[in-house]
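The structure under discussion appears below in the form of structure tokens.
The values are calculated or read from the model by the stated rules, or taken from the named source; none is laboratory data. This is a predicted model, so every value here is computed, not measured. For neighbour counting, all protein chains shown are included, and Cβ atoms are generated from backbone atoms with ideal geometry for every residue, glycine included. Keep in mind that these areas ignore ligands, DNA and RNA; they rest on the heavy atoms of the full protein, side chains included. Shrake-Rupley method; radii C 1.70, N 1.55, O 1.52, S 1.80 Å.
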Amino acid sequence: MFHSKTVEIGVGLFVALGLAALFMLAMKVSNLSAFSGGDGYQVTARFQNIGGLKERAPVTMSGVRVGRVKSIDFDDQSYQALVTLDIDSRWTRIPTDSTASIFTAGLLGEQYIALEAGGEEQFLAEGGELKLTQSALVLEQLVGQFLFSKAAEGPKAPEGSKGGEAAAPAR
Amino acid sequence: MIEVLRRLGRTGLQFFERLGRGHLFLGYVLLGVPEVLSRFRLLVAQVWSVGVLSLVIVLVSGVFVGMVLGLQGYNTLVDFNAEESLGVVVALSLVRELGPVVAALLFAGRAGSALTAEIGLMKATEQLAGMEMMAVDPLRRVVAPRFLAGLLSMPLLAAIFSAVGVLGGWFVGVGLLGVDDGAFWSQMQAKVDLHDDILNGVIKSVVFGIVVTWIAVFEGYDAVPTSEGVGRATTRTVVHSSLAVLGLDFVLTALMFNDI
Amino acid sequence: MTVRGLCFAHGERKIFDGVDLRIARGKVTAIMGPSGTGKTTLLRLIGGQLRPTAGTVTVDGQDVHQLSREKLFQLRKRMGMLFQSGALLTDLSVFDNVAFPLREHTDLPESMIRHLVLMKLEAVGLRGAHGLMPRELSGGMGRRVALARAIALDPMMILYDEPFTGQDPITMGVLVQLIRKLNDSLKLTSVIVSHDVKETSAIADYIYVLSGGKVVGEGSPEALGRTSSPWVRQFLQGLPDGPVPFHYPAPDFLGDLLGGGSP
């Protein structure tokens, strides 16, 4: 152990660098600062259709992340999707009549839940339920509805039938 | 026909013998680990030769891998007008896969082969037998510190690899190709999850560290004590540990990221 | 130390077949034999690194192969062994090599260790070389350092594995003298395994000659010199042919040349 000083300094630097790298990955690369989970309260919401929503998807209010989707289950009594949301304990003033909607971030992005505050004076707490929900928009249904409404309008405008034909291949 | 069966049987037996010996060996080494913790200097010296000396190759490779990811990711994403997601692509590929895997492969080539050669040569030059005759257990004195050092160094190396890789990707994406700096980081932070991605990456690198170091020290300790034997053992270390890393990576990925 | 009815087989090959040795305390005992008789194996059996198929090795009243690992290590601290290659730890300096057993087995303060190490190195005449690395030493110096290391814990017995092989005459002379001197001054029991007849006879008090896994001759060097056994005579005088044939067993030469034997 003749270069023991150099060795010790080198090892010290190495370990410090490694820990710094881990720290950077945790703080700068990942979303540690945004939400760490576990210290929030849980509320449930029922949706007719959740589309492509996944666990750990963000829950936002006014575009700000306030929590995440904890679990997704299917309720075979009501034939609805039962989604449990984990809301960060910092936000305690979410009205009970808030609306939960499933939106898509961007054209190809993942789906998330947006909460829109209601007017109620009572706030959500552990175990609460969001009654007002809006399902995810499913592309096929949208196209189907569009075609349906166009067909219902009848052949009064030539552009309409043209639009219907154009939309058909998109299916 | 009988001869073929006999040979097959012998090969099979040898395989199981080695497998068993390898696991018993691991057990003995693990028994020696607590003692190493009380002799910190031994560990420091080994972290130096296993970890610090692998640092340069890991740093350089990490930067280049990150830069390549930045370039390739940009070319693909720009077609979808989604080049802001470059940070996500770079960070996720590095943290989940390339960081642990490539760092482990480099580690096997740099530190694993050196460990095997060193221990094999110590065996060939009777240094291990000499220690035993001085009533010093070479498993505790020689192998255990190296094992522990490898196990500790590998996650650090993988983290460093990922971190400099992200910086390399950032340099190419933001610095050269003009991706928006804020979007690069914020998208990354929004999509990379501490538990799912980073922690699982660290777990991977710990597993790879254990496996690569285990293979390396075992091959060295089990080497035929001649120069040819040590050479073969060194080759085996690199081949076996690379295969083990890639195979285990699949298993771990399937276990970790397949639950949604 | 006694060895009784020792048998050892390496795979199919029998190396020892009932070897009996008695090694007297405080004496230099040599075990000689041609290459390949398993002399090194014998030392490893004595040191407990190998396990015999039959027979016992008793050192200081303890059966080496019945001891627990801990007891065996205790015993080994009182045995020094000098390997053929020296077996110095290549990543440590000469000083650290000699200090190695002290640091591993004692909690002595560093100043005391320094004292002891320099003393041991002085005994082998290499105190001036304490800062060198093993690769900077000649073969003979390496062996002397290894000797200093072997006596670092003040053992009661030292096993020498081929101490003279491959040394120039001067180094050999130095080693011969050292072994004798250390044996007498430290009240050691020395066991030398060697096939260098002249040097070994010069210092040994008692010699065993091994061949084919058996003891074929024993006695003091003078007694062995007058032996009637043709085998021992061939070995001691280095005759090319005798009971030990010059030719490795082979089929009839003519038949082999004509392609009769298998290649």
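Values for this structure:
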{"item": "Extreme residue, most open to solvent (accessible area, probe 1.4 Å), among residues of the range A:1-23 that are within 7 Å of chain B (Cβ to nearest Cβ) and modelled with pLDDT under 85", "result": "A:MET1"}
{"item": "Residue check for B:GLY87: more than 21 Å from the chain's Cα centre (by Cα), under 20 Å from B:ASP193 (Cα atoms) and either more than 13 Å from chain A (Cβ to nearest Cβ) or surrounded by 24 or more Cβ atoms within 10 Å (Cβ to Cβ) (or both)", "result": "yes"}
{"item": "The range B:57-84: number of residues that are closer than 29 Å to B:SER113 by Cα, β-branched (Val, Ile, Thr) and more than 11 Å from every other protein chain (Cβ to nearest Cβ)", "result": "5"}
{"item": "Residue, surrounded by the most Cβ atoms within 10 Å (Cβ to Cβ), within the range B:54-76, restricted to residues that are more than 27 Å from the chain's Cα centre (by Cα) and closer than 17 Å to B:PHE171 by Cβ", "result": "B:TYR74"}
{"item": "Any hit, the range A:71-83, residues being touching a residue at least 60 places away in the same chain (Cβ under 8 Å), within 14 Å of chain B (Cβ to nearest Cβ) and either basic (Lys, Arg) or more than 26 Å from B:GLU83 (Cα to Cα) (or both)", "result": "no"}
{"item": "Those residues of the range B:12-53 which are more than 23 Å from B:VAL143 (Cα to Cα) and open to solvent by less than 80 Å² (accessible area, probe 1.4 Å), in sequence order", "result": "B:GLY12"}
{"item": "Criterion (closer than 22 Å to C:ASP184 by Cβ and either crowded, with 20+ Cβ neighbours inside 10 Å or polar (S, T, N, Q) (or both)) met by exactly one of C:GLY47, C:GLY80, C:GLY86", "result": "C:GLY80"}
{"item": "Qualifying residue in the range B:158-175 (condition: among the small types (Gly, Ala, Ser), open to solvent by 20 Å² or more (accessible area, probe 1.4 Å) and in a helix (DSSP H, G or I))", "result": "yes"}
{"item": "Filtered residues of the range C:126-182 (kept if among the small types (Gly, Ala, Ser) and closer than 19 Å to C:ILE203 by Cβ)", "result": "C:GLY140, C:ALA146, C:ALA148, C:ALA150, C:GLY166, C:GLY173"}
{"item": "Strands (runs of 3 or more DSSP E) (entirely within the range A:40-82) containing at least 2 residues that are farther than 15 Å from A:THR99 by Cβ", "result": "A:40-47, A:64-75"}
{"item": "Residues being open to solvent by 50 Å² or more (accessible area, probe 1.4 Å) and in a helix (DSSP H, G or I) - total across the range B:215-237", "result": "6"}
{"item": "The range B:143-156, residues that are buried (at least 24 other Cβ atoms within 10 Å of the Cβ) and either more than 9 Å from every other protein chain (Cβ to nearest Cβ) or over 26 Å from B:ILE203 (Cα atoms) (or both)", "result": "B:VAL143, B:ALA144, B:PRO145, B:ARG146, B:PHE147, B:ALA149, B:GLY150, B:MET154"}
{"item": "Residue satisfying condition, being closer than 16 Å to B:LEU151 by Cα, open to solvent by 40 Å² or more (accessible area, probe 1.4 Å) and within 14 Å of chain A (Cβ to nearest Cβ), within set B:ILE210, B:ILE203", "result": "B:ILE203"}
{"item": "Qualifying positions in the range A:124-145 - open to solvent by 90 Å² or more (accessible area, probe 1.4 Å) and assigned to a helix (DSSP H, G or I)", "result": "A:LEU139, A:GLU140, A:GLN141, A:GLN145"}
{"item": "Every pair of residues 6+ apart whose Cβ atoms lie under 7 Å, when the first sits in the range B:123-135 and is more than 7 Å from chain C (Cβ to nearest Cβ) while the second is assigned to a helix (DSSP H, G or I) and basic (Lys, Arg)", "result": "B:MET131/B:ARG141"}
{"item": "Pair list, Cβ under 8 Å, 6 or more apart: the range C:209-223 residue closer than 17 Å to C:ILE23 by Cβ and of a type in the set (Asp, Glu), other residue part of a strand (DSSP E or B) and open to solvent by 60 Å² or more (accessible area, probe 1.4 Å)", "result": "C:GLU218/C:TYR206"}
{"item": "Which numbered condition B:THR253 misses (of (1) surrounded by 15 or more Cβ atoms within 10 Å (Cβ to Cβ); (2) in contact with a helix residue (DSSP H, G or I) (Cβ under 6 Å, 6 or more places away or on another chain))", "result": "(2)"}
{"item": "Wholly enclosed strands (runs of 3 or more DSSP E) of the range C:134-239 bearing at least 1 residues crowded, with 19+ Cβ neighbours inside 10 Å and of a type in the set (Ser, Thr, Tyr)", "result": "C:157-161, C:189-194, C:206-211"}
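One line per residue, one yes/no per condition, for (1) open to solvent by 70 Å² or more (accessible area, probe 1.4 Å); (2) assigned by TED's automatic domain parsing to the domain that holds A:LEU137; (3) within 18 Å of A:LYS54 (Cβ to Cβ):
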| residue | (1), (2), (3) |
| --- | --- |
| A:ASP76 | yes, yes, no |
| A:LEU82 | no, yes, yes |
| A:ASP88 | no, yes, no |
| A:SER98 | no, yes, no |
| A:THR104 | no, yes, yes |
| A:ALA114 | no, yes, yes |
| A:GLY118 | no, yes, no |
| A:GLN122 | yes, yes, no |
